[in-house]
Amino acid sequence: MADRMNDSHLDPNRDRSLDAERDLGARELTDREVTDRGMVADERITLNEEQLAIGKRQTQAGQVEVEKRVETHHVSESVPLTRDEVTVERRPLSGSEAMHAAPGAFTEEHISVPLTREEVVAEKRAVGAEEIVVRKHQVQETETVEADLRRERAEVREVGDVRRTEGGMHASDNLGTSDGLGGANPLQGGRDLDGDGVR
């Protein structure tokens, strides 16, 4: 046993295997520590986005004013009128009227016949013509509102030996394969490193 122990100190292959064993153990311990920390407290990134909040408010759109003013326009109407006219004619007496003189002969005498006519009498009076009624009512219309909204997206980059699973990513348990040292873990008794039959 003493000779084997002395020979082991002089075997460079055994020294390299022991160094590799220590490096693998250190890496395994580090990965376990990372895994334990991930189980205790997850690392989180909150993604935010903008949303469009639409509301309505009453504003002054305008107003309607009704104002009356006086204007004058000329009218013309045709009105039929009636008047008296005189016709004077002379006719000779005949028969018994011609035989006797009229009473009051050779005295001055005159007759008067009054004449009438219609004339236009125009007067102005105010009457109601029409009325203006202003009434407001509400109508509904559709207006399109457009805006550019921002949102945050996450980009996942996988560095190293990463295995993606449902709901997340986990580090691969096969640490030896990525380093070219074989699939067996020397700390778990996978193989005989020095060839002496002791694992």
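All conditions in (1) assigned to a loop (DSSP other than H, G, I, E, B); (2) farther than 30 Å from Glu143 by Cβ hold for Ala98, with the sole exception of (1).
Can you tell which of Glu123, Glu109, Glu131, Glu65 is of a type outside the set (A, V, I, L, M, F, W, C), under 30 Å from Glu143 (Cα atoms) and without any contact (Cβ under 8 Å) to a residue 60 or more places away in the chain?
Glu65
Among what's in region 105-160 and is under 30 Å from Glu43 (Cβ atoms) and of a type outside the set (A, V, I, L, M), pick the residue that is nearest to the chain's Cα centre (by Cα). Within region 105-160, the match that is nearest to the chain's Cα centre (by Cα) is Arg150. Each residue in region 148-179 was checked for being at pLDDT 90 or above and not charged (D, E, K, R), and 2 pass.
Give me a count of the residues in region 108-154 that are assigned to a loop (DSSP other than H, G, I, E, B) and either among the basic types (Lys, Arg) or under 24 Å from Leu81 (Cα atoms) (or both).
17
The values are calculated or read from the model by the stated rules, or taken from the named source; none is laboratory data. What you see is a predicted model, and the numbers here were worked out from it, not measured in a lab. No Cβ is skipped: glycine too gets one built from the backbone with ideal geometry, and neighbour counts run over all protein chains shown.
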